[in-house]
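I have placed the structure first, in the form of structure tokens, so that the comments after it can refer back to it.
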Amino acid sequence: METLAIYAPKLVTASDYIASGHRACSGCGEVLAVRYVCKALGRNTIISNATGCMEIVSTPLPETAWEVPWIHTLFENASAVASGIESGLKALKRKHGYTKEVKVVAMGGDGGTADIGLQSLSGALERGHDFIYVCFDNEAYMNTGIQRSSETPFGASTTTAPAGKLSMGQHTQKKNMPAIAAAHNIRYVATSCSSYPFDIMNKIEKAKQIKGPSYIHILSVCPTGWRSASNLTITMGRLAVETGIFPMYEIEDGKYTLNFDYPKLRPVEDYLKLQGRFRHLTKENTAEIQEHVLTEFNRIRMLAGKKIK
Amino acid sequence: MKKDTSIEIRWHGRGGQGAVTSAELIALAAIHEGKFAQAFPSFGPERRGAPVLAFNRIDAENPIRIRSGVVKPDIVVVLDPGLVTLINVTDGLKPGGCLVVNSTRSVEDLQQEFSGDWKLAVVDAASIARELLGVNIVNTTMVGAMVKAAEVVKFESLKAPLNERFGARASSNFEACMRAYNSTVISQITTTGTKKSKSFPMEKIPGWRELLVGCIVTEPGNTKKFGTGDWKSQHPVWDDKKCIKCGICSLFCPEGCIQPNEEGYYRANLFYCKGCGMCAHECWTQAIKMVEGT
């Protein structure tokens with residue numbers, strides 16, 4: 001089986017719903033994640049996309065890279081627009097005998113999800129609209145020049161939280177967005193990463209089957225903002241998972257499942273040292289990050305009913 | 001009216017190559033000498049790998065009031081060898097000015113590309129940067145070459161800004177700068193223009209009258225018409241003997257531009273390929289190599 005798994009990419013559908021010629025940076029992990037999400041969603045999809053990198057790079061007016069219906073919304077109302085589309089589809093079915101099954105998807109970056117769009121997301125999750133929310137988390141406002149967001153990890157240097165003599169960059173921990181989504185008691189919450197195509201596609205497939213809201217949080221590697229080499233995009237995502245910095249798990253009807261667990265997590269240095277945004281960190285800072293990562297990972301392990309190592 | 005004593009410089013590079021840093025270093029060096037100086041990038045939708053511009057203005061006597069981009073430069077510096085044939089880098093270059101190019105080609109060879117009345121300076125900055133810095137980031141190297149070709153600031157004045165900017169890595173950057181200063185080859189070009197001038201690769205933006213109400217785009221996926229291929233400085237090459245046709249390269253391509261050919265071997269569509277190198281890095285059998293050039 002091991003050797004056969006190498007040929008697994010052959011099984012993925014060849015159809016893409018985001019066309020070439022988009023203006024993403026070379027080595028962009030976010031557009032890669034969007035490719036996988038769209039492959040899994042298929043044609044019968046309407047996307048409402050919050051302002052952010054993905055909107056900028058995919059639709060340089062009068063061009064668009066999208067091959068599914070797509071609406072650009074403001075930062076704060078991607079979920080509200082998705083709610084409206086879903087309600088509109090419902091009305092069409094009720095009044096005009098429309099029968100096609102169309103999935104409504106809202107997309108946003110970490111800023112459009114965890115900072116500015118949080119209220120509309122919360123509202124849409126609470127009202128129980130039948131839609132998927134996908135957050136592409138690249139850990140800062142990359143498109144406008146790497147400003148910190150509430151998803152920027154502890155210790156990262158950004159242009160609005162710069163590292164220097166008096167500061168070590170971002171001094172707050174990453175906001176736990178999946179837990180916030182799960183607190184709405186929705187049926188499906190998951191985290192994934194741009195370096196794991198099959199994981200993303202499986203999770204989107206699962207979310208598609210669910211009637212009601214679901215939330216998927218995808219860590220998207222950003223070589224520009226993380227100041228890493230663009231050919232290391234896939235490696236970087238894998239390291240984030242293997243060091244435990246970004247645990248990949250699902251919450252189905254309140255039940256946690258940890259998708260990737262390791263007998264021994266890699267040390268966080270492996271991940272941090274490859275990125276310019278963490279270059280300034282001292283040994284003490286790294287130790288602090290390591291401790292926090294282990295605590296968080298063990299918390300997820302416990303929630304998933306696993307023994308803590 | 002005051003005598004115009006200002007020198008204007010335009011830097012052509014690719015996003016991530018450090019053209020902006022180069023401009024800043026020159027401005028800092030000029031300020032260090034007691035001159036007035038400006039350094040700024042051009043703002044646009046440029047991303048990593050895309051052709052970008054940065055500008056300098058240096059004035060030995062008068063404060064600089066103008067704030068716009070440089071359209072008639074005295075000096076043009078090209079950080080990426082691929083840009084010479086791609087865009088018209090000498091657009092607006094003043095007669096008697098100077099063009100500084102990073103290239104492995106000889107001066108005689110490069111002369112064929114241009115026409116005008118100015119100096120051409122050539123340096124193999126990529127090799128210098130690779131040898132001394134370990135990476136193909138030529139910003140400091142090209143600063144050395146530029147100062148050699150047109151002495152806008154004294155070479156010694158670069159030392160303080162380099163130390164300030166690069167800290168621990170300042171000495172190797174200074175060495176690269178010096179190597180370039182010493183190895184730049186300069187020649188004079190005096191041919192008159194017969195070459196057709198190419199325009200900047202600016203995207204054509206329609207006016208508001210041409211847009212549909214509500215900014216609707218009626219043609220799905222029409223970015224396909226736009227080639228992002230000129231963003232790259234390296235391109236992937238497949239070794240079919242090593243290829244096992246697994247398709248991992250196709251799956252991990254952010255552009256979605258790697259497709260199998262009739263025999264089932266994979267190839268990148270270089271019209272879109274941005275040269276990120278992810279396919280080469282992720283290939284199980286290392287069948288893909290990144291090769292310089294578009």
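Highest GNM mean-square fluctuation among B:VAL76, B:VAL217, B:VAL153, for chain B modelled with Cα contacts below 10 Å: B:VAL217.
Over the Cα atoms of segment B:6-189, the radius of gyration divided by the Kirkwood radius equals 0.93; this is the Rg/Rh ratio. From helices alone, chain B scores -6500 deg cm²/dmol at 222 nm; the rule is -39500 (n - 2.57) for each run of n ≥ 4 DSSP H residues, then divide by the residue total.
Ranked for footprinting exposure by Cβ neighbours inside 10 Å, fewest first, A:LEU11, A:LEU121, A:LEU303, B:LEU79 give A:LEU11, A:LEU303, B:LEU79, A:LEU121. Computed over all pairs of different Cα atoms, the Kirkwood value for the hydrodynamic radius of segment B:221-292 is 12.2 Å.
Over all projection directions, the Cα-based convex hull of the protein assembly as shown averages an area of 31.5 nm². Here A:LYS208 is the anchor, and the aspartates and glutamates within straight C-alpha reach of less than 13 Å, apart from those fewer than 8 places off in the same chain, are A:GLU101, A:ASP130. Principal-axis analysis of the Cα atoms of chain A puts helix A:29-41 at an angle of about 30° to the longest axis.
Checking every one of the trypsin sites (Lys or Arg not before Pro) in segment A:204-244 against DSSP loop status and a limit of 15 other Cβ atoms within 10 Å picks out A:LYS211. Expressed as a fraction of 2.2 N^0.38 Å, the value expected for a compact globular protein of N residues, the C-alpha radius of gyration of segment B:1-106 is 1.07.
Distance between the pseudo-spin-label points of B:ALA168 and B:GLN286 (7 Å out from Cα toward the beta carbon): 2.9 nm. Spatially, segment B:139-166 and segment A:230-248 are offset by 38 Å when compared through their Cα centroids. A simple spin-label model places the labels of B:VAL135 and A:LYS90 5.2 nm from each other, with each point 7 Å out along Cα-to-Cβ.
Net charge dipole, segment B:6-189: roughly 420 debye, given to the nearest 20, about the Cα centre with Cβ charges of +1 for Lys and Arg and -1 for Asp and Glu. Residue pairs exceeding 22 angstrom between C-alpha atoms, taken from B:LYS72/B:LYS119; A:LYS10/A:LYS264; A:LYS175/A:LYS307; B:LYS35/B:LYS148; B:LYS119/B:LYS232; A:LYS203/A:LYS255: A:LYS10/A:LYS264; A:LYS175/A:LYS307; B:LYS119/B:LYS232. Once you reduce segment B:233-282 and segment A:208-229 to the center of their Cα atoms, the two points are 24 Å from each other.
Exposure proxy for A:GLU30, A:GLU269, A:GLU86: other Cβ atoms within 10 Å of each Cβ, ordered fewest to most, give A:GLU269, A:GLU86, A:GLU30.
Pairwise inverse Cα distances across chain A, averaged and inverted, put the Kirkwood hydrodynamic radius at 19.8 Å. Of the complete DSSP H runs in chain B, those spanning 18 angstrom or more by Cα along the long axis with a mean Kyte-Doolittle score not below 0.0 are B:19-32.
Put in order of Cβ neighbour count within 10 Å, fewest first, the listed residues B:THR141, B:THR21 become B:THR21, B:THR141.
Any read-out appearing in this document is the output of simple, stated calculations on the displayed coordinates, not a laboratory observation. Computed from a predicted structure; not experimentally measured. A quick note on method: Cβ atoms are made from the backbone with ideal geometry, for glycine too, and the neighbour counts reach across all protein chains shown.
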